[in-house]
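Here's the structure we're looking at; comments come further down.
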Amino acid sequence: MTKWILGLLLLANIVFFAVMRFGGTLTQDADMPSVQAEISPDKIRLMSEVLPAVSEVAAAKPIAPAPQSAVAASAPVIILSPLAAAVPAKQCLEWGEFSGSGLAQVQSALDGLQLGDKIKPRTVEHASGFWVYIPPLKNHAEVQNKLKQLKQLGVSEHFVVQEEGAWLNAISLGVFRTEESAQKFLSGLRAKGVRSAKVGERMSKLKFTLFYFAGVEAATTDKVRALQKNYPDSEIKMLGCD
């Protein structure tokens, strides 16, 4: 009885060992290669030996670009309009305000840009401002004598007040929006030798000119900004184009 039990246990051990050793082979598809290939020691190479060889091959023979179909499948294609890239953006701006000799100088400089109908002068009025003037003279003869003196000193821009009142026969040499601008102009006249001119507030309507630039290119805007440096009291405003 004991021999039979020992025999059965031995047989059970043999079957269990067979299942553990060859069970995977019995259930695997015969056409499917084994997942774990046999290790061949003679084919083992270190990465330090393989990488230099790969680098030499890559340097000698560049990798061919991927087919166009593969690129199209991997990333979206963005098409830029050549027309949109070639046409510069148009800009509209306003430059002012000017009067007297400053207005004539700016007008002459802008004529050189040959902008045609892209530039339009506009007149604006202000209820008050400052002016540089020579106080009223006694009569017409004194006015004419003073004008000759101004011409000899290089002052050609002026206006003689002919309206009846307290300012009759006064000589206006320039009108300005701010007192600071008027004082700067007066300093220039003093440097030329004009001694009798003064700065005062003008409460009557004063007219000034500003220039509107319609749909000009950025290069033209840069030229206007370069001109503006000669007239620090003026201002350039960027506007929306109509």
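Worth pointing out:
- Per this entry, Ala226 is counted among residues that are of a type in the set (Gly, Ala, Ser) and surrounded by fewer than 14 Cβ atoms within 10 Å (Cβ to Cβ).
- Failed item, numbered, when Val160 is tested on (1) at pLDDT 90 or above; (2) in contact with a Phe, Trp or Tyr (Cβ under 9 Å, 6 or more places away or on another chain); (3) among the aliphatic types (A, V, I, L, M): (2)
- Flag if Leu239 is over 22 Å from Ser101 (Cβ atoms), at pLDDT 85 or above and within 21 Å of the chain's Cα centre (by Cα): yes
- Taken as a whole, the structure leaves Val224 outside the set of residues that are under 21 Å from Glu125 (Cα atoms) and at pLDDT 90 or above.
- When region 193-218 is filtered for residues that are under 21 Å from Ser108 (Cα atoms) and either hydroxyl-bearing (Ser, Thr, Tyr) or surrounded by 15 or more Cβ atoms within 10 Å (Cβ to Cβ) (or both), the ones remaining, listed by number, are Phe208, Thr209, Leu210, Phe211, Tyr212, Phe213, Ala214, Val216.
- Strands (runs of 3 or more DSSP E) wholly inside region 127-242 containing at least 2 residues that are within 30 Å of Gly112 (Cα to Cα): 129-134, 171-176, 206-216, 235-239
- Unique match (being in contact with a helix residue (DSSP H, G or I) (Cβ under 8 Å, 6 or more places away or on another chain) and among the basic types (Lys, Arg)) among Lys198, Lys192, Lys223: Lys198
- For region 183-192, the criterion of a residue being closer than 28 Å to Gly96 by Cα, modelled with pLDDT of 90 or more, surrounded by 11 or more Cβ atoms within 10 Å (Cβ to Cβ) and of a type in the set (Phe, Trp, Tyr) is satisfied by at least one position.
- The set of residues in region 83-139 that are at pLDDT 85 or above and basic (Lys, Arg) comprises Lys118, Lys120, Arg122, Lys138.
The values are calculated or read from the model by the stated rules, or taken from the named source; none is laboratory data. Since we're looking at a predicted model, the values are computed, not measured. Virtual Cβ from ideal backbone geometry, glycine too; neighbours counted across all protein chains shown.
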